[in-house]
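The values are calculated or read from the model by the stated rules, or taken from the named source; none is laboratory data. All of these numbers come straight from a predicted model, not from anything done at the bench. For neighbour counting, all protein chains shown are included, and Cβ atoms are generated from backbone atoms with ideal geometry for every residue, glycine included.
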Amino acid sequence: YFLFPKFSGSLRLSEYPLWQNLKEFAPELKLRLAYGETGNLPKTTAKFTNLVTNNISGRTGLVPADERGDPDIKPERTKEVEFGFDATLFHGDATLEFTYYHQSIKDLILDVGIAESSGADVFTTNAGEMRTRGLEISLGLNPIKTEKFSWTSRVNFFTTDSEITKLDVDPFNMGGFATSLGTMRIEEGMSPTTIVGAEMDTVGVNPDGSPILRHRILGNATPDFEMSFNNHFTIGNFEVSFLWDWRQGGDVINLGKLLMDFGGTSPDFDKIITFEGQQMKLGDFRRASFTKRTAPFVEDGSYLKLRELTVNYNLPSSLVNRLFAGQISYLRLGFSGRNLLMFTGYDGFDPEVSQFGNVAIGGNVDTMPFPSSRSYYF
């Protein structure tokens, strides 16, 4: 069996005499600290090498699967320390929440490529360690509150970054379709969402005089930070609320641009550029060199979206009683929408979409699936 301990605690400083002189400014302050360990079990097929059916010349038999098992594989172990505080400020008109966390993963489970001479493609094993740390801040405000008008607002900020701190196997690429089409580089000292492609840089020379090559870093799929802005207004019988989402950074591999280049339909296809002294169309250049140059398809995925908008009107109770003879006491008319506006410099339809869904590594590949749907409700 495996043991995964957890504990948490908090301290309300505002309950102690030393805080009494500060209660006018911050009537409530609570400190938080937590530690926990969790496990991520390997998939059921990872411990053994399975046999699968195969047909050769009309004869059916069993052969080892392409994935080799590791009889010594064990669960990943994640250790996380989290601390922060919750504060109420200015007689309850503002709240502030702060959280910092540091997470370390040992016995990282990875699907590692192995030599073809082994008769397999992948070996699933414990092969490294990873560190993740992040910061979350939430500020709530109630700046105006009268009988006819009120305004409440909440701003959330969060950022995170990860690093492979130990790798027991050779560095390898993971996710995407192919290295030349953009993929993630799993290498010690780098983020697991580092984007590399076909480009290589010379970083040294071997004793025999041959160059030491390394994949050129083209970007990182992890955003620099993300924020949300939620506001709610009450104006008489009207209620208006809206939510903005802002993502800064987070690179996307825009293979939709390559697909449009193949068809000659990308918006900048006919733009004339000069390369090595020759003039050519930009689209022709990209599609002729995509196996050697991935960088033209890696784009900044920053965006600002109006995620939600709601407008409601509460009919006066006297009018509702007259209209429905007292059978209904409350009636609200309203409209709401989702994904109504987007501001971005990204060339594709939507930097938030992904060919491979919401996966931790390799989920930032855009091959022009349907963008986020725009919805209206009445």
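Residues in the stretch 271-279 include none that are surrounded by 17 or more Cβ atoms within 10 Å (Cβ to Cβ), in contact (Cβ under 8 Å) with a residue 12 or more places away in the chain and in contact with a Phe, Trp or Tyr (Cβ under 9 Å, 6 or more places away or on another chain).
Summed over the stretch 263-305, the residues that are more than 25 Å from M200 (Cβ to Cβ), touching an Asp or Glu at 6+ places or on another chain (Cβ under 8 Å) and not in a loop (DSSP other than H, G, I, E, B) give a count of 4.
Yes/no per residue for (1) among the hydroxyl-bearing types (S, T, Y); (2) part of a loop (DSSP other than H, G, I, E, B); (3) touching a residue at least 40 places away in the same chain (Cβ under 8 Å); (4) crowded, with 16+ Cβ neighbours inside 10 Å:
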residue: G204; (1), (2), (3), (4): no, no, no, no
residue: D208; (1), (2), (3), (4): no, yes, no, no
residue: L213; (1), (2), (3), (4): no, no, no, no
residue: L218; (1), (2), (3), (4): no, no, yes, yes
residue: H232; (1), (2), (3), (4): no, no, yes, yes
residue: I253; (1), (2), (3), (4): no, no, yes, yes
residue: D261; (1), (2), (3), (4): no, no, no, yes
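Is at least one residue of the stretch 129-145 closer than 30 Å to D66 by Cα and either out of contact with any Pro (no Cβ under 9 Å at 6 or more places or on another chain) or among the basic types (K, R) (or both)? Scanning the stretch 129-145 turns up at least one residue that is closer than 30 Å to D66 by Cα and either out of contact with any Pro (no Cβ under 9 Å at 6 or more places or on another chain) or among the basic types (K, R) (or both). Within the option set I56, I109, being of a type in the set (A, V, I, L, M) and modelled with pLDDT of 90 or more holds for one residue only, I109.
The lone criterion from (1) touching a strand residue (DSSP E or B) at 6+ places or on another chain (Cβ under 6 Å); (2) at pLDDT below 95; (3) in a strand (DSSP E or B); (4) surrounded by 15 or more Cβ atoms within 10 Å (Cβ to Cβ) left unmet by I144 is number (4). If you check L51, L13, L18 for being among the aliphatic types (A, V, I, L, M), more than 30 Å from T88 (Cβ to Cβ) and more than 33 Å from the chain's Cα centre (by Cα), only one passes: L51. A198 falls short of the stated requirement of being crowded, with 17+ Cβ neighbours inside 10 Å and outside any strand (DSSP E or B). Quick check: anything in the stretch 336-355 aliphatic (A, V, I, L, M) and at pLDDT below 90? Yes, because at least one residue in the stretch 336-355 is aliphatic (A, V, I, L, M) and at pLDDT below 90.
Of all the numbered requirements in (1) aromatic (F, W, Y); (2) within 27 Å of the chain's Cα centre (by Cα); (3) under 30 Å from T152 (Cα atoms), Y35 misses one, and that requirement is (3).
Suppose we keep only residues that are touching a helix residue (DSSP H, G or I) at 6+ places or on another chain (Cβ under 7 Å) and either modelled with pLDDT under 85 or not hydrophobic (A, V, I, L, M, F, W, C) (or both) within the stretch 1-29. Which one would you say is farthest from G69 (Cα to Cα)? Ranking the qualifying residues of the stretch 1-29, first place goes to K23.
Yes/no per residue for (1) among the polar types (S, T, N, Q); (2) in a loop (DSSP other than H, G, I, E, B); (3) exposed (fewer than 11 other Cβ atoms within 10 Å of the Cβ):
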| position | (1), (2), (3) |
| --- | --- |
| G337 | no, no, no |
| L340 | no, no, no |
| G348 | no, yes, no |
| N358 | yes, yes, yes |
| P371 | no, yes, no |
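Among all positions in the stretch 148-166, there is no residue which is free of Cβ contacts under 8 Å to residues at least 12 places away in the same chain, on the phi < 0 side of the Ramachandran plot, out of contact with any strand residue (DSSP E or B) (no Cβ under 6 Å at 6 or more places or on another chain) and surrounded by fewer than 16 Cβ atoms within 10 Å (Cβ to Cβ). Within the stretch 1-34, the set of residues being surrounded by 11 or more Cβ atoms within 10 Å (Cβ to Cβ) and part of a helix (DSSP H, G or I) comprises L13, S14, E15, W19, L22.
Mind checking whether some residue in the stretch 107-118 is touching a residue at least 24 places away in the same chain (Cβ under 8 Å), in a strand (DSSP E or B) and under 16 Å from M190 (Cα atoms)? Yes: one or more hits.
Yes or no: G92 at pLDDT below 90 and farther than 30 Å from A115 by Cβ? Answer is yes for this residue.
In the stretch 310-323, is there at least one residue being modelled with pLDDT under 90, within 25 Å of E199 (Cα to Cα) and in contact with a Phe, Trp or Tyr (Cβ under 8 Å, 6 or more places away or on another chain)? No - not one qualifying residue is present in the stretch 310-323.
In the stretch 36-96, counting only strands (runs of 3 or more DSSP E) that sit wholly within it, the ones holding 1 or more residues that are closer than 30 Å to A26 by Cα and touching a residue at least 12 places away in the same chain (Cβ under 8 Å) span 76-89. Filtering the stretch 184-213 to residues that are among the hydroxyl-bearing types (S, T, Y) and under 23 Å from G362 (Cα atoms) leaves S191, T193, T194.
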